[in-house]
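Before any comments, here is the structure.
Derivation of every value follows stated rules applied to the coordinates shown; laboratory data play no part. Here the structure is a predicted model, which is why all the values come from computation and not from measurement. Every residue, glycine among them, receives a Cβ derived from its backbone with ideal geometry; neighbour counts consider all protein chains shown.
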Amino acid sequence: MRIENHPILAFADAATVEFTFNGQALSGREGEPIAAALHDAGVRVLRHSPRYHRPRGLFCAIGNCSSCLMTVNGVPNIRVCVEPLRAGMTVETQDGKGRLA
Amino acid sequence: MKEVDIVVIGGGPAGLSAAVHAAKMGAGVLLLERSQALGGQLVKQTHKFFGSRQEFAGERGFDIAHTLMEQIAQQEKIEVWTNATALGYYPDGVLTVKRNENFRTFRPRKLIVATGASEKALAFPNNDLPGIYGAGAVQTLMNLYGVMPAKRVLMVGAGNIGVIVAYQLLQAGVEVAAVIEAAPRIGGYWVHASKIRRCGVPILTGHTIRQAHGTTQLTGVTVCRLDEKWTMIPGTDTLFEVDGLCLAVGLSPLTELLWQAGCKMNFVPELGGYVPWRNEYLQTTHKNVYVAGDVAGVEEASAAMVEGKLAGLAAAFALNHQTADFAADYRAAKQQLNALRSGPLSAKVCHGLCKVMLEEAM
Ligand SMILES: Cc1cc2nc3c(=O)[nH]c(=O)nc-3n(C[C@H](O)[C@H](O)[C@H](O)COP(=O)(O)OP(=O)(O)OC[C@H]3O[C@@H](n4cnc5c(N)ncnc54)[C@H](O)[C@@H]3O)c2cc1C
Ligand code: FES
């Protein structure tokens, strides 16, 4: 969900772009981290851990912890908390360590 | 390989200030920042700062960041690289950098490490469920990108970050179920704590997390009371139905590059973990490596800026750059830092600093 009225901040309007998450069509603001667009759409499970397949989401949001690795445009292990959203991206939850296509 | 006078790693308040002051002395500076934009932690801070006028008290964090960025932009001697991560620093003095998708090497004559800190996690069952965030992540999502992290959040930690971020959550329209704190008292500034109390958010001291609940995402958190020996008291469990849990349990310095450089380190809990030994010029035991800001000990943005200034001036001076005001400038900054650290809340930091201060200049 987006913040509607903030007492201090005004959020610049960026262009809306379309992308897909596990095949589902979603939209977000161009250039925001992919994770922000997913959160807006209510998607918080980003990958499953390699050994116990536990769901993982966003933790640090600044590229420090690797909790948020996903497969983007076929490339695994992308930190979606810092990867800017672009039009037409295919974003997929990643299972385990990911595989190079 | 490119030769440079000074490379500053990290574009937070410490690194920005180090770059500005080194450049004012006449040194050539390359400033590296791994994210898309400069500003470090400051850009997501919407509250007004404390301190004196010199450290921008009364201004909001993001405004301070913009002032520093303007100063950077005015300096011809500074080259700024964003999306540029410092990867390693080797015994032959080579620094490796990844910028966008390119790999580059440098041989800086002096290095100023201002990489900041990373958030600490907490051990409890199910602490990896989606919906459990570091406080910085919550700030980033809300204050930079305008997205809510959850609908109802439990905050862990009543230090400054915990109480400030709890208030920011309320401002963003997120419900805050409570703030819990293991210690017997609130650690943050009372102005910030009072603001959330006035909004009806309970602050439960002497409480900790027993476990988180949920299968695919967080659905609730069980909290219990601690006795005076910090052990959990049976029969005191309370369940909070929340879809967000925010951990504000401290930061630890991001010191990998310092370890790799071979700087002598010491474990100092008062400063957040392992930090480098340094002399009064913020020079480490490696004569070409200086430090400033949270990486040298977790403190505050105001202290980070003054440390950055001192490290910037000292590194430039060591390369024989001189200005007429150097000595006076340096002395004033030193006094400013001492004044910042004179309050009762700084006693812990000062105690920690004693454990890593080298007497002699390297
Ligand atoms: C919620 C909150 C409230 C706060 N309130 C206050 C307050 O009221 N007053 C106050 O004085 N302070 C406050 N602070 C503290 C203050 O923000 C920090 O102490 C300060 O930002 C530390 O500055 P820094 O430059 O050392 O680190 P940071 O601001 O963390 O900057 C470090 C930078 O280095 C970059 N970096 C890290 N590693 C690399 C690498 N390998 N290569 C390239 N770049 C790298 C990072 O991306 C980052 O931009 C608050 C902090 C928080 C989280
Ligand atoms: S959330 Fe930590 S790296 Fe992305």
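Tabulated values for the structure
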item: Verdict on B:A123 being away from chain A (no Cβ under 12 Å), over 28 Å from B:V7 (Cα atoms) and aliphatic (A, V, I, L, M); result: yes
item: Residue in region B:168-179 that is part of a helix (DSSP H, G or I), of a type in the set (A, V, I, L, M) and under 18 Å from B:V249 (Cα atoms) present; result: yes
item: Every residue from region A:75-101 that is assigned to a loop (DSSP other than H, G, I, E, B) and either within 16 Å of ligand 1 (Cβ to nearest atom) or of a type in the set (D, E) (or both); result: A:C81, A:V82, A:E83
item: Matching residues in region B:293-310 - criterion: being over 19 Å from B:G187 (Cβ atoms) and under 8 Å from the mean Cα position of the chain (by Cα); result: B:G293, B:V295
item: For B:A301: the one exception among (1) free of Cβ contacts under 8 Å to residues at least 24 places away in the same chain; (2) under 21 Å from B:N160 (Cβ atoms); result: (1)
item: Among (1) closer than 24 Å to B:P149 by Cβ; (2) surrounded by fewer than 16 Cβ atoms within 10 Å (Cβ to Cβ); (3) β-branched (V, I, T) - the single one B:I196 does not satisfy; result: (2)
item: Residue match in region A:58-74 (condition: within 11 Å of another protein chain (Cβ to nearest Cβ), polar (S, T, N, Q) and not in a helix (DSSP H, G or I)); result: yes
item: Matching residues, region A:27-57, being farther than 22 Å from A:V17 by Cα and within 7 Å of another protein chain (Cβ to nearest Cβ); result: A:R54, A:P55, A:R56, A:G57
item: Residue match in region B:239-246 (condition: within 14 Å of another protein chain (Cβ to nearest Cβ) and more than 26 Å from the chain's Cα centre (by Cα)); result: yes
item: Any hit, region A:62-69, residues being surrounded by 19 or more Cβ atoms within 10 Å (Cβ to Cβ), more than 8 Å from ligand 2 (Cβ to nearest atom) and in contact (Cβ under 8 Å) with a residue 12 or more places away in the chain; result: no
item: Count of residues meeting criterion [farther than 18 Å from B:A292 by Cα and either more than 16 Å from ligand 2 (Cβ to nearest atom) or out of contact with any strand residue (DSSP E or B) (no Cβ under 7 Å at 6 or more places or on another chain) (or both)] in region B:96-112; result: 11
item: Selection status of A:A15, more than 11 Å from every other protein chain (Cβ to nearest Cβ), on the phi < 0 side of the Ramachandran plot and among the small types (G, A, S); result: yes
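Residue-wise test of (1) part of a loop (DSSP other than H, G, I, E, B); (2) of a type outside the set (S, T, N, Q).
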{"position": "B:V80", "(1), (2)": "no, yes"}
{"position": "B:D92", "(1), (2)": "yes, yes"}
{"position": "B:L111", "(1), (2)": "no, yes"}
{"position": "B:N126", "(1), (2)": "yes, no"}
